[in-house]
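*Asks:* Take a look at this one; I'll ask things after.
Taken together, the values in this text are just the output of simple stated rules run on the coordinates, not laboratory data. This one's a predicted model, so the numbers in the text were calculated from it and none came from an experiment. Neighbour counts are summed over all protein chains in view; Cβ atoms, including those assigned to glycine, are modelled from backbone coordinates with ideal geometry.
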Amino acid sequence: MQQYFISSAGVKIPKLIYGTAWKEDKTADLVELALAKGFRGIDTACQPRHYKEPLVGEGIQRAYAKGLKREDLFLQTKFTSISGQDPDDIPYDQDKTLSEQILESFTVSKINLKTDYLDSLILHSPMANWDETLVAWQTLERLVETGEVKQIGVSNCYDPNLLSKLYQHAKIKPALLQNRFYRDTNYDSELRKFCDENNIFYQCFWTLRANVHILKSKAIAKLVESKGKTDAQIFFRCLNHQNIHPIIGTTSSKHMEEDLDIFSFSLSDEECELIKKSGPY
Ligand SMILES: NC(=O)c1ccc[n+]([C@@H]2O[C@H](COP(=O)([O-])OP(=O)(O)OC[C@H]3O[C@@H](n4cnc5c(N)ncnc54)[C@H](OP(=O)(O)O)[C@@H]3O)[C@@H](O)[C@H]2O)c1
């Protein structure tokens, strides 16, 4: 049901992972359901404005009670800087240094998720300037060195020069980039090339919402008919074939099943190339 990618840090990342944003009080039930259906990766954030991280932890606990093992789960969360937090609900002391904020946020995440290590910890976005981004990165590196985090990455980084600079300065290289997949950034084509060349896992969101024109394209319509799959299944399968790994945030049990089924069929390079042209991406 799942396929995995071995990251530069040696972490087994499921190619489809379940996203937990905006699930509010349904978070625990949906996480439990996603794990029961076969998802083995969870994406969340220490950002109460959009993610109920304690309820993610509760959903995972329920899955453990049914037999899931921690070592079979890929657990990813994010450090969100003050600018991305609700000012009335910041999950760490904003008067502390940036480095201390990150360590405190990490501690809160471990408590919320009831784990003593994370498979992946990512910066929700680069900081406001390079110096702060480097401080933040070096703090994440320390957590890898203590063994509490297996790999580190970055999200919402749309500047290829910045990712390249971070890669050059990093003692521990970014293993993952999580970005919005949409037309306005030319679908990160330059960044994705850099990721492919440097073994960085490219993970995307907004995949369906921002790409209705691709879902409704002739290239996909033809494959929907010949393969007997939905437009979302064809698109997700094609993206995975091209090293683009969507995060799935569905609230529907049927969509969870359909999405996990995408590895039961294949698409040729030529078929994927036609879909790519309808982006174009
Ligand atoms: N790093 C960041 O800044 C950032 C930002 C946004 C999101 N994320 C992460 O990415 C995850 C996904 O967010 P997203 O914005 O891409 O959208 P999403 O939350 O996955 O929403 C997908 C939308 O498409 C619909 N849908 C229809 N068919 C579907 C199918 N077969 N599979 C899945 N959805 C289907 C869903 O409706 P149904 O519910 O009815 O299926 C839903 O309305 C989030 O939960 C979060 O973990 C990260």
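*Asks:* Could you tell me which of rounded, prolate or oblate describes segment 82-151, using a ≥ b ≥ c as the square roots of the eigenvalues of the alpha-carbon gyration tensor, with rounded for a/c under 1.5 and, failing that, prolate when a/b is larger than b/c and oblate otherwise?
*Replies:* Details: a/c = 1.92, a/b = 1.17, b/c = 1.64.
Here segment 82-151 falls in the oblate category.
*Asks:* Could you pull out every residue, at least 5 positions away or on a different chain, whose amide H is within less than 5 Å of the one on residue 23? Hs are placed 1.01 Å off N in the peptide plane, and Pro or chain starts have none.
*Replies:* Long-range HN contacts for residue 23: 52.
*Asks:* Okay, moving on. For the chain, what proportion of DSSP beta bridges, expressed in % and rounded to the nearest 5, is antiparallel?
*Replies:* On the way: 3 of 29 bridges.
Among the beta bridges of the chain, antiparallel pairing accounts for roughly 10 percent.
*Asks:* For segment 127-267, rounded, prolate or oblate, judged on the Cα gyration tensor with a ≥ b ≥ c (square roots of eigenvalues), a/c < 1.5 rounded, else prolate if a/b > b/c?
*Replies:* Values: a/c = 2.60, a/b = 2.00, b/c = 1.30.
Cα axes put segment 127-267 in the prolate bin.
*Asks:* Can you compute the helix-only [θ] at 222 nm over the chain? Use -39500 (n - 2.57) per DSSP H run of at least 4 residues, normalise by all residues, nearest 500 deg cm²/dmol.
*Replies:* Details: 11 runs with 117 residues, N = 281.
Helix contribution divided over all residues of the chain: -12500 deg cm²/dmol.
*Asks:* Please rank 127, 256, fewest neighbouring Cβ atoms within 10 Å first, as an exposure proxy. Don't skip to the end; give the middle numbers.
*Replies:* Values: 127 16, 256 21.
Ranking 127, 256 by Cβ neighbours within 10 Å, fewest first, gives 127, 256.
*Asks:* Same structure, new question: Given contacts defined as C-alpha pairs under 8 Å and at least six residues apart, what's the relative contact order of segment 103-246, whole-number percent? The partial results should precede the final answer.
*Replies:* Details: 174 pairs, mean separation 23.7, N = 144.
Relative contact order comes out at 16 percent.
*Asks:* Then there's this: Set Lys and Arg Cβ to +1 and Asp and Glu Cβ to -1, take the dipole of segment 124-193 about its Cα centre, and tell me which of 127, 166, 138 lies farthest positive.
*Replies:* About the Cα centre, the residue reaching furthest to the positive side is 166.
*Asks:* Using a ≥ b ≥ c from the Cα gyration tensor of segment 1-77 (square roots of the eigenvalues), is it rounded, prolate or oblate, where a/c under 1.5 gives rounded and otherwise the larger of a/b and b/c decides, a/b for prolate?
*Replies:* On the way: a/c = 1.96, a/b = 1.34, b/c = 1.46.
Oblate shape, in that a/c is at least 1.5 and b/c is the bigger or equal ratio.
*Asks:* Could you work out the relative contact order of the chain? I mean the mean sequence separation of Cα pairs under 8 Å and 6+ apart, divided by the number of residues, in percent. Walk me through the numbers on the way to the answer.
*Replies:* Details: 478 pairs, mean separation 49.7, N = 281.
For the chain, the relative contact order is 18 percent.
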